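Heads up: the structure comes next, in structure tokens.
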Amino acid sequence: MSSVPVEQPAVTAALETPSRGFWSEAWRQFRRRKLSLAALAFVIGMGVSALFAPAIAGTKPLVTRYKGELYFPAMAYYNRSWENAIFRTQDKFRGRYPQNLKQKDPESWAIWPLVYQDPQRRLYRDEWEGIPPNPTGAKGKPYLYYLWLKGWDSLFGTNYVEEEFGELLKDGPLPFNLFGATDRGVDVFAQMVHGAQTAMLVGFVSMGIAAAIGITTGAAAGYFGGWIDILLSRVIEVVMCIPALVLILALLAIVERPSIWHIMVVIGITGWTGIARLTRGEFLKLKQMEYVTAAKALGAGRARIMFRHILRNALAPILVPIAFGIASAILVESALSFLGFGDPTRPSWGKLLDQGRDSIQEMWWLILFPGLAIFFTVLAYNLIGEGLQEATDPRMRQAGH
Amino acid sequence: MISYIVRRVLIGVLTLFVITFLVYGLIRSMPGTPLTTALAEMDPTKSIRQEDFERLKRTYGLDKPWYEGYVVWLANVAEGDLGRSIPRKQPVARLIGERIGATLLLTVPSLILAYVLSIPLGLWATAHSGTLRERTTSTALYMLYALPTFVAALYLQLLLAVKLEWLPLMGITSPDYAHMSVFGKAWDVFLHALMPMICFTYGSLAYETRFIKSNMEEVIRQDYIRTARAKGVGPVRVIVHHAFRNTLIPMVTLIGLTLPALLSGAVILERIFSWPGMGSLFFESLRERDYPTIMGLTLMFSFLTLLGQLLADLLYAVVDPRVTYS
């Protein structure tokens with residue numbers, strides 16, 4: 001008898017606290033996987049640095065006060081037409097800000113990006129006093145490599161710095177190309193930071209398109225069933241069977257000069273089949289549930305039932321292929337750039353790899369660093385997808401994972 | 001069973017029609033024709049007379065609209081003729097025959113290798129689940145799985161060919177191949193094939209090991225495993241005989257789905273290693289707008305994909321007596 005008064009308050013307390021919502025429970029489960037959490041942090045960090053790429057590496061000031069007015073020339077990195085007309089046409093800066101600002105308005109000041117390097121062109125001599133120009137040919141060795149060899153030499157008493165960098169150091173201070181420079185002297189670090197922008201953009205926009213097509217198709221096929229299902233399932237099967245490369249290259253070739261937006265649309269309209277199949281399955285399962293019948297009885301319309309009642313419950317499993325899909329979209333974009341089908345005006349990791357392949361005998365840094373960037377990004381999205389899968393699947397949760 | 005197969009085959013044929021029709025329309029609407037791209041490559045100064053150009057177009061049937069061209073192509077395929085490559089002036093079937101060996105040389109060994117390695121690895125990982133060694137191996141395999149093949153290929157080239165100079169950088173034979181002995185020739189091709197083979201293998205190895213382990217994890221918690229253990233069956237026998245046999249069903253599906261990859265090769269890998277296989281043939285014919293070759297390859301790939309799916313479903317019924325299609 002004595003156990004009853006002890007137990008009772010615990011039971012009522014459990015009843016009084018509101019049960020956790022699905023998403024907060026999923027987040028609690030997701031947080032328990034340290035690797036997925038680290039991957040999420042990595043992706044967020046990557047997204048932030050991609051968003052603020054012009055503030056990290058660039059040759060245009062973020063803010064400048066010139067002839068009494070405030071300007072933001074670095075916005076040109078987002079859209080070329082956003083560069084103020086005064087610098088382009090009126091005062092003819094030609095993209096060279098440091099000298100021009102000083103000469104044309106000695107009173108001017110500017111806030112510069114962290115690293116003064118451009119993703120599109122090489123640094124020229126005397127562009128900025130004290131900053132050496134970028135070397136061309138195979139001489140643009142990574143600054144990081146220099147630091148590494150220096151540390152190695154001081155630890156083990158070897159003389160690798162002299163061996164590798166001796167000739168370059170004779171010409172003056174070493175140019176600050178953290179990850180090296182291409183044979184035309186364009187800084188790799190700047191290209192990679194701005195390339196992260198391309199990768200993130202491709203990942204999210206093309207998966208957004210794919211998710212929209214896939215969810216709509218799958219929802220219609222699963223909810224309506226009958227001949228609509230048969231027809232849409234055939235469409236899904238056909239798209240799955242066409243070799244992806246044919247589809248992508250043929251669609252890209254139709255556009256005269258493909259830009260990054262065309263590439264994103266093409267990746268989106270070729271990558272939706274997995275999402276559609278999963279959505280179809282979820283809808284087939286969920287439309288039998290009691291709450292759908294209840295909603296129908298209350299007179300809810302088809303669209304309302306499909307997108308407010310069923311989709312919200314199907315969203316968790318659909319998020320998993322979307323997370324994996326972002327990884328594969330980034331992969332497809334770098335593969336396309338690697339094959340020479342990318343947007344020629346945008347820096348991309350795949351384009352760097354392509355240049356690295358052409359000069360693989362001497363310029364290893366064009367392969368090592370962009371390769372690592374692609375690898376870690378794909379790994380991070382895969383880990384997030386995996387974490388989502390385990391966090392939102394109640395079967396796995398009960399199994400103690 | 002028979003009626004199921006007949007229905008599936010009919011649907012498959014219909015799907016093939018739709019796929020080839022769409023692909024034909026797509027590639028015909030790409031700018032440029034095989035005639036213009038081939039001429040531009042030969043000599044830009046040598047311009048062709050307009051009437052000659054029209055005559056060439058008529059010879060290859062390019063003067064007709066694309067849907068008529070498709071019907072002509074389809075009629076030829078029905079007679080067993082895949083057509084002739086326009087820029088290479090050879091039958092498509094022979095072109096494919098020339099390239100198929102190089103691709104099979106890479107894909108067959110790597111497919112076998114992946115299974116031979118992944119089954120013991122997966123079983124070992126299940127038996128030692130949760131230990132430090134298993135965790136390390138599984139994490140390493142997971143990272144391998146996320147490593148894109150073209151990055152891996154370039155890293156391997158940097159390390160093994162450029163830095164260490166152990167293996168040739170690319171191609172399938174050395175320049176002095178013709179003067180080698182039979183054994184020397186085989187060794188030369190083997191050395192050239194090693195890096196692409198590793199690239200073909202590691203991804204599926206990682207995937208299949210994870211696949212086997214996750215299936216085993218599910219089976220190992222079943223009641224009959226506990227019963228087997230309780231009656232004193234040894235740990236190895238439980239894993240191999242009782243548990244693994246019950247994970248064969250999803251494995252069979254996986255094997256069916258890898259069938260198309262056997263012949264399609266991989267475009268990017270074959271390009272990186274300058275490997276004269278199906279992938280590079282496909283890429284070259286896309287660039288040359290070689291319609292008959294693209295169509296022949298597309299037909300083959302989609303046929304294999306559909307066949308693989310059908311085989312997987314049928315094998316499913318063979319391995320699992322509970323599954324019937326009647």
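Some values worked out for this structure:
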quantity	calculated
Scan of segment B:121-145 for residues that are touching a residue at least 12 places away in the same chain (Cβ under 8 Å) and not hydrophobic (A, V, I, L, M, F, W, C), ordered by number	B:G122, B:T126, B:S129, B:T137, B:S138, B:Y142, B:Y145
All positions within segment B:148-162 that are touching a residue at least 24 places away in the same chain (Cβ under 8 Å) and within 10 Å of chain A (Cβ to nearest Cβ)	B:T149, B:F150, B:A152, B:A153, B:L154, B:Q157, B:A161
Search result, residues across segment A:218-262 that are assigned to a loop (DSSP other than H, G, I, E, B), away from chain B (no Cβ under 12 Å) and over 19 Å from A:D343 (Cβ atoms)	A:G225
Verdict on A:V320 being in contact (Cβ under 8 Å) with a residue 40 or more places away in the chain and farther than 24 Å from A:S233 by Cβ	no
Search result, residues across segment B:171-184 that are buried (at least 16 other Cβ atoms within 10 Å of the Cβ) and in contact with a Ser or Thr (Cβ under 9 Å, 6 or more places away or on another chain)	B:I172
Residues located in segment B:301-311, provided they are in contact (Cβ under 8 Å) with a residue 60 or more places away in the chain and either touching a His at 6+ places or on another chain (Cβ under 7 Å) or within 10 Å of another protein chain (Cβ to nearest Cβ) (or both)	B:S302, B:F303, B:L306
Residue selected from segment B:7-36 under the condition surrounded by fewer than 17 Cβ atoms within 10 Å (Cβ to Cβ) and farther than 23 Å from A:V235 by Cβ, by the criterion farthest from the other protein chains (Cβ to nearest Cβ)	B:T36
Qualifying residues in segment A:120-159 (those that are among the small types (G, A, S) and surrounded by 12 or more Cβ atoms within 10 Å (Cβ to Cβ)) - the one nearest to A:N100 (Cα to Cα)	A:G140
Selection count, segment A:328-349, where residues are basic (K, R) and either within 11 Å of chain B (Cβ to nearest Cβ) or buried (at least 22 other Cβ atoms within 10 Å of the Cβ) (or both)	0
Only listed residue being at pLDDT 85 or above, part of a helix (DSSP H, G or I) and not assigned by TED's automatic domain parsing to the domain that holds A:G203, chosen from A:S81, A:S24, A:S49	A:S49
Given (1) within 14 Å of chain B (Cβ to nearest Cβ); (2) farther than 29 Å from B:L310 by Cβ; (3) at pLDDT 90 or above, index of the condition A:G268 fails	(1)
Restricting segment A:86-119 to residues that are under 30 Å from A:S348 (Cβ atoms) and among the hydroxyl-bearing types (S, T, Y), the residue that is surrounded by the most Cβ atoms within 10 Å (Cβ to Cβ)	A:Y97
Residues of segment B:260-283 that turn out to be within 12 Å of another protein chain (Cβ to nearest Cβ) and part of a helix (DSSP H, G or I), as a count	15
Qualifying residue in segment A:140-154 (condition: in a loop (DSSP other than H, G, I, E, B) and either over 14 Å from A:F189 (Cβ atoms) or more than 32 Å from the chain's Cα centre (by Cα) (or both))	no
Among the candidates B:L262, B:L286, residue that is surrounded by fewer than 20 Cβ atoms within 10 Å (Cβ to Cβ) and closer than 23 Å to B:L16 by Cβ	B:L262
Test: residue in segment A:68-77 that is modelled with pLDDT under 85, of a type in the set (G, A, S), out of contact with any strand residue (DSSP E or B) (no Cβ under 9 Å at 6 or more places or on another chain) and in a helix (DSSP H, G or I)	no
Residue under evaluation B:E165, criteria (1) assigned to a helix (DSSP H, G or I); (2) of a type in the set (D, E, K, R); (3) within 14 Å of chain A (Cβ to nearest Cβ), criterion not met	(1)
Qualifying residue in segment B:201-209 (condition: within 14 Å of chain A (Cβ to nearest Cβ), more than 24 Å from the chain's Cα centre (by Cα), within 30 Å of A:A244 (Cβ to Cβ) and modelled with pLDDT of 90 or more)	no
Of the criteria (1) in contact (Cβ under 8 Å) with a residue 40 or more places away in the chain; (2) assigned to a loop (DSSP other than H, G, I, E, B), which one A:E129 fails	(1)
Test: residue in segment B:118-132 that is more than 11 Å from chain A (Cβ to nearest Cβ) and aromatic (F, W, Y)	yes
Given (1) at pLDDT 85 or above; (2) within 12 Å of another protein chain (Cβ to nearest Cβ); (3) crowded, with 17+ Cβ neighbours inside 10 Å, index of the condition A:E390 fails	(1)
Any hit, segment A:203-221, residues being in the same structural domain as A:R304 (by TED's automatic domain parsing) and over 29 Å from the mean Cα position of the chain (by Cα)	yes
Those residues of segment A:359-382 which are surrounded by fewer than 21 Cβ atoms within 10 Å (Cβ to Cβ), more than 7 Å from chain B (Cβ to nearest Cβ) and among the polar types (S, T, N, Q), in sequence order	A:S359
From B:M251, B:M295, residue being within 11 Å of chain A (Cβ to nearest Cβ) and assigned to a helix (DSSP H, G or I)	B:M295
Positions within segment A:263-297 being under 19 Å from A:G225 (Cβ atoms), assigned to a loop (DSSP other than H, G, I, E, B) and not charged (D, E, K, R), in sequence order	A:Q288, A:M289
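The values are calculated or read from the model by the stated rules, or taken from the named source; none is laboratory data. All of these numbers come straight from a predicted model, not from anything done at the bench. Positions of Cβ are generated from backbone atoms using ideal geometry, with glycine treated the same way; all protein chains shown enter the neighbour counts.
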